[in-house]
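Taking it in order: structure first as structure tokens, then the write-up.
The values are calculated or read from the model by the stated rules, or taken from the named source; none is laboratory data. All figures in this text were calculated on a predicted structure; none of them were measured in a lab. Every residue, glycine as well, gets a Cβ built from its backbone with ideal geometry; the counts of neighbours run over all protein chains shown.
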Amino acid sequence: MKNVLPPTAMSRRGFLALTGAAALATSVSACAAGNVGNTSAGGGILKFWDMPWGNQDYLGAAQALTQAYKPGSGLPGASYQQVNWDGFNQTFSSAIASNTGPAVSTGGGFQAFQFAKQGAIAYADNLIDSFKKDGTYDDFLPHTLDAMKTSDGYVGVPWNLDVQVFWYRKSILDQIGATPPETWDDVLAVAKKASAKGYVGFGISGGSGNYGPMAVLSLMINNGGGLFNSNGDLDIVNDRNAEAVDFVTELVKQGVVDPGSVSMKDDDLTTAWTNKKVALGFQSPAFNNVVGDEKDVLVTNPLKSRRGDIGGLYYVNNIMMYKNTPSQAGSEAFASYYIKNMKTLWQKGVMQGLPALKSITELPEFKANAQNTAVVEKWQPICKTTAAQSGTLSAKLATIDGGQAMTDFCQTVLSAKSPSKTILTKLESDIKAAIS
Amino acid sequence: MSTSVRRTELPLTMRTPAPEARKRRRTSSPGRAPATKAFLILPSVVILILTNAYPIAYAAFQALHNGSLITPGDFVGLDNFAKVLADPAFWRAAGFTVIFAIAGVFGSWIIGLAIALLLRTRIPAKGILKTVLLLPWVVPIVVSAMSWNWLIGTSSSPVPSLMHALGFGDAIFLSDPLGAQITVCLFEVWVNFPFMMLMMSAALTSVDESIYEAAKIDGASASQSFRYMTLPIIAKPTYIAWVLMTIFCVNDFPTVYLLTHGGPVGATNTLVVLAYKTVFQNFQTGPGVAIAFLMTLALAAVAVLLFRQIRKSTSS
């Protein structure tokens with residue numbers, strides 16, 4: 001049939017080109033970027049990017065700490081920018097790729113390894129050497145500095161530790177006549193009693209965020225399992241991990257987990273804790289401070305698994321420096337300043353993580369929250385990183401931690417519809433595909 | 001005679017040139033007008049190249065390499081495409097993208113057309129009604145998604161609480177794969193039906209009411225009038241609306257990401273969300289961009305089919 005389109009109508013080729021361009025531009029333009037260069041990071045001002053590491057007062061305290069920095073002669077000053085956890089990988093990757101990223105930053109626990117592999121990190125060896133000379137080196141908690149070391153150098157400097165510890169709400173346990181759980185079986189028994197009274201026995205969030213996967217991984221490590229063997233190879237489908245998954249499945253099937261936990265967001269879980277609806281669950285240090293209930297939300301002792309093992313998960317969060325800086329000496333001077341003066345963040349009580357410096361853990365302000373001391377003394381020494389049972393951190397952990405494989409894994413576990421070995425096999429396959 | 005006198009009496013600038021002169025004038029400065037037009041278009045073309053063409057070209061480069069956002073990596077040919085096509089997650093996301101788009105396009109079209117037809121009748125407070133009906137489309141999607149999350153997100157949200165109280169058990173829509181899929185599709189329809197309502201309202205204004213009266217006299221029922229008169233008359237704008245809505249739905253990232261993050265267990269991953277996660281969570285830039293390219297290819301194919309329909313409807 002003859003084409004009867006009016007002369008002003010768009011041709012098919014034109015239409016296709018327009019449609020294709022519109023769709024393609026929307027789909028892929030955000031993915032494209034340039035390469036890292038050696039240009040200045042921002043007109044002589046050193047950009048420091050930070051994450052929300054504490055309660056609502058953290059931002060002001062961290063800003064004040066940055067603003068108080070007085071650079072030495074010829075060195076740049078520093079500006080402060082907070083980056084949200086939601087989509088932080090995208091924020092950092094895009095900015096670094098377009099040479100608009102920070103000179104110094106905090107970030108995800110394995111971010112420094114990831115960007116070091118991509119050639120964007122300035123190694124911290126000079127800074128660590130200076131710490132050795134002035135004694136700061138000996139102030140770091142055991143193993144924290146070693147965790148930052150790679151064959152090419154130190155990718156960052158530890159500054160806080162996120163330990164996944166087990167919390168309970170005392171008033172709920174008092175109401176149901178229970179004592180703080182010491183073992184997995186205790187957890188199940190207490191959670192069942194709490195659920196019978198209308199509380200969420202075991203709080204876990206499998207939706208957006210990372211607390212759900214961290215809780216399941218904590219239990220796997222607690223039982224002597226983990227994602228890797230001691231050689232650093234993936235070793236997920238084993239009896240220890242299966243027992244941990246079976247335990248979570250049992251919690252779900254016993255009805256002690258919120259029925260919406262598969263899609264529950266971390267913030268919603270925190271709100272449920274704040275509203276005094278949750279009896280037990282894994283959370284970060286100083287969680288009692290976050291929910292504003294220091295006397296009622298308390299830390300248990302490390303749990304014993306059914307095998308009698310103890311253990312837990314922790315993250316060595318670090319300050320990293322980037323090659324894209326107005327002055328490497330300036331980056332090192334600022335990072336050194338921040339590490340040596342960050343105690344104010346704990347003195348003001350705005351931090352959720354543990355400090356990486358022993359001297360801060362001995363401050364009266366830190367000890368004022370008795371739960372902090374319990375975490376330092378009882379939990380931190382028995383915890384391992386996401387690399388467990390291997391001791392070596394690497395860039396691939398950045399893909400695993402908070403990645404799609406772990407999220408799907410946690411949601412499948414919380415769905416309680418598949419056998420543990422099947423779930424673990426799928427996890428191993430997904431992680432292999434992600435890090436290949 | 002008088003005409004020619006009048007022509008000579010007119011000022012020079014007001015005289016109408018003879019056809020030959022007009023032809024001469026048009027051809028006397030060849031290329032000047034097109035050159036001016038090209039000059040005027042140039043800034044837009046430059047901006048388009050910078051904002052679209054360059055990123056697309058660089059994305060094509062990335063799709064053929066195994067690098068990251070920061071490092072270009074090695075040339076791997078079509079390996080990224082092969083890897084993506086061999087991944088069950090891709091096909092699952094493709095399947096849901098099709099469902100999501102079909103639900104979004106036809107769901108919003110049916111509701112939009114129904115309301116547009118209703119608004120042609122005499123109903124009170126029509127203006128206020130139109131404004132209220134536009135709200136889902138006008139309100140920022142972040143706000144809408146937050147509202148829906150508040151309504152249905154957790155077991156203590158209002159809707160699940162109400163359903164529990166009414167004896168329907170634990171209805172946590174976003175925790176169940178099928179429930180989450182239905183929810184995001186409903187959300188898409190809810191957000192987009194006002195756009196369809198506007199498009200169909202505009203299309204229906206071209207329909208002369210008198211033809212319905214004539215059809216009625218000829219004994220046509222209301223459904224026959226709708227099927228054999230209304231639908232064919234509004235066919236072309238309908239197809240255009242479908243093309244646009246297909247592009248909106250397939251490229252819709254915030255709806256899925258804000259409501260479910262693609263979960264549970266990837267059940268609501270669409271291709272655009274999968275591409276995002278592949279690039280920014282798995283740090284696999286090449287495969288992620290390959291997904292985006294494959295998605296665009298499929299979208300272009302759908303656009304061709306719909307465009308053919310537009311031509312058919314126009315010619316008939």
- Item | Residue identified as outside any helix (DSSP H, G or I) and farther than 30 Å from A:Val291 by Cα among A:Gly119, A:Gly109 | A:Gly119
- Message: If a residue must be among the small types (Gly, Ala, Ser) and within 14 Å of the chain's Cα centre (by Cα), how many such residues does the stretch A:70-126 contain?
- Response: 5
- Note on the structure: Flagged in the stretch B:152-188 as surrounded by 22 or more Cβ atoms within 10 Å (Cβ to Cβ) and in a helix (DSSP H, G or I), in numbering order, are B:Ile152, B:Pro160, B:Ala180, B:Val184, B:Phe187, B:Glu188
- Note on the structure: Going through the stretch A:309-357 in order, the residues found to be in contact with a strand residue (DSSP E or B) (Cβ under 6 Å, 6 or more places away or on another chain) and of a type in the set (D, E, K, R) are A:Lys323
- Yes/no for A:Ile423 being under 21 Å from A:Phe110 (Cβ atoms) and of a type in the set (Val, Ile, Thr): no
- Query: Within the stretch A:94-112, which residues are surrounded by 15 or more Cβ atoms within 10 Å (Cβ to Cβ) and free of Cβ contacts under 8 Å to residues at least 60 places away in the same chain?
  - Reply: A:Ala95
- Task: Please find, among B:Gly263, B:Gly288, the residue that is facing chain A (nearest Cβ under 7 Å) and within 23 Å of A:Met264 (Cα to Cα).
- Result: B:Gly263
- Message: If I go through the stretch B:219-250 residue by residue, how many of them are buried (at least 21 other Cβ atoms within 10 Å of the Cβ) and not in a helix (DSSP H, G or I)?
- Response: 1
- Looking at the stretch A:195-233, which of the residues that are of a type in the set (S, T, N, Q) and within 14 Å of chain B (Cβ to nearest Cβ) is farthest from A:Gln404 (Cα to Cα)? A:Ser195
- Item | Set B:Ala275, B:Ala290: member being assigned to a helix (DSSP H, G or I), farther than 23 Å from B:Pro140 by Cα, small (Gly, Ala, Ser) and free of Cβ contacts under 8 Å to residues at least 24 places away in the same chain | B:Ala275
- Query: In this structure, does A:Glu294 turn out to be part of a loop (DSSP other than H, G, I, E, B) and away from chain B (no Cβ under 14 Å)?
  - Reply: yes
- Hey, any hits in the stretch A:405-417 for a residue that's surrounded by fewer than 18 Cβ atoms within 10 Å (Cβ to Cβ), out of contact with any helix residue (DSSP H, G or I) (no Cβ under 6 Å at 6 or more places or on another chain) and acidic (Asp, Glu)? no
- Every listed condition ((1) among the aliphatic types (A, V, I, L, M); (2) in contact (Cβ under 8 Å) with a residue 24 or more places away in the chain; (3) surrounded by fewer than 16 Cβ atoms within 10 Å (Cβ to Cβ); (4) more than 22 Å from B:Thr285 (Cα to Cα)) holds for B:Ile141 save (3)
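How about the stretch B:198-213: which of its residues are surrounded by 12 or more Cβ atoms within 10 Å (Cβ to Cβ) and more than 14 Å from the chain's Cα centre (by Cα)?
Those that are surrounded by 12 or more Cβ atoms within 10 Å (Cβ to Cβ) and more than 14 Å from the chain's Cα centre (by Cα): B:Met200, B:Ser201, B:Ala202, B:Ala203, B:Leu204, B:Val207, B:Ile211, B:Tyr212.
Based on this model, can you work out whether A:Asp152 counts as out of contact with any strand residue (DSSP E or B) (no Cβ under 7 Å at 6 or more places or on another chain), closer than 22 Å to A:Ala374 by Cα and surrounded by fewer than 22 Cβ atoms within 10 Å (Cβ to Cβ)? Working first, answer last.
Details: out of contact with any strand residue (DSSP E or B) (no Cβ under 7 Å at 6 or more places or on another chain): yes; closer than 22 Å to A:Ala374 by Cα: no; surrounded by fewer than 22 Cβ atoms within 10 Å (Cβ to Cβ): yes.
Answer is no for this residue.
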- Residues satisfying the stated conditions in the stretch A:318-370, i.e. in a helix (DSSP H, G or I) and among the polar types (S, T, N, Q): A:Gln328, A:Ser331, A:Ser336, A:Asn341, A:Thr344, A:Gln347, A:Ser359, A:Thr361
- Query: Quick check, is A:Ser230 assigned by TED's automatic domain parsing to the domain that holds A:Gly119 and surrounded by fewer than 21 Cβ atoms within 10 Å (Cβ to Cβ)?
  - Reply: no
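If the requirement is being free of Cβ contacts under 8 Å to residues at least 60 places away in the same chain and in contact with a Lys or Arg (Cβ under 6 Å, 6 or more places away or on another chain), which of these qualifies: A:Thr422, A:Thr373, A:Thr412?
A:Thr373
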- the stretch A:1-97: helices (runs of 4 or more DSSP H) wholly inside it with 1 or more residues that are at pLDDT 50 or above and within 11 Å of chain B (Cβ to nearest Cβ) are A:88-97
- State all residues of the stretch A:393-423 that are of a type in the set (S, T, N, Q), assigned to a helix (DSSP H, G or I) and more than 9 Å from chain B (Cβ to nearest Cβ); if no residue qualifies, say none. A:Ser420, A:Thr422
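Please find, among B:Gly262, B:Gly286, B:Gly266, the residue that is touching a strand residue (DSSP E or B) at 6+ places or on another chain (Cβ under 7 Å) and either under 17 Å from A:Asp408 (Cα atoms) or modelled with pLDDT of 90 or more (or both).
Among B:Gly262, B:Gly286, B:Gly266, only B:Gly286 is touching a strand residue (DSSP E or B) at 6+ places or on another chain (Cβ under 7 Å) and either under 17 Å from A:Asp408 (Cα atoms) or modelled with pLDDT of 90 or more (or both).
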- Message: I'd like to check something: does the stretch B:213-232 contain any residue that is in contact with a Ser or Thr (Cβ under 8 Å, 6 or more places away or on another chain), under 30 Å from A:Asp267 (Cα atoms) and either away from chain A (no Cβ under 14 Å) or free of Cβ contacts under 8 Å to residues at least 24 places away in the same chain (or both)?
- Response: no
- Task: Please work out if B:Leu258 is of a type outside the set (Val, Ile, Thr), surrounded by fewer than 24 Cβ atoms within 10 Å (Cβ to Cβ), more than 7 Å from chain A (Cβ to nearest Cβ) and assigned to a helix (DSSP H, G or I).
- Result: yes
- Task: Within the stretch B:189-218, work out how many residues are within 30 Å of A:Asp408 (Cα to Cα) and either aromatic (Phe, Trp, Tyr) or part of a loop (DSSP other than H, G, I, E, B) (or both).
- Result: 1
- Note on the structure: Scanning the stretch A:259-280 for residues that are of a type in the set (Ser, Thr, Tyr) and buried (at least 24 other Cβ atoms within 10 Å of the Cβ), the one nearest to the other protein chains (Cβ to nearest Cβ) turns out to be A:Ser263
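Of everything in the stretch B:59-70, what is under 25 Å from the mean Cα position of the chain (by Cα) and buried (at least 18 other Cβ atoms within 10 Å of the Cβ)? Give them in sequence order.
Scanning the stretch B:59-70 gives a single hit, B:Ala59.
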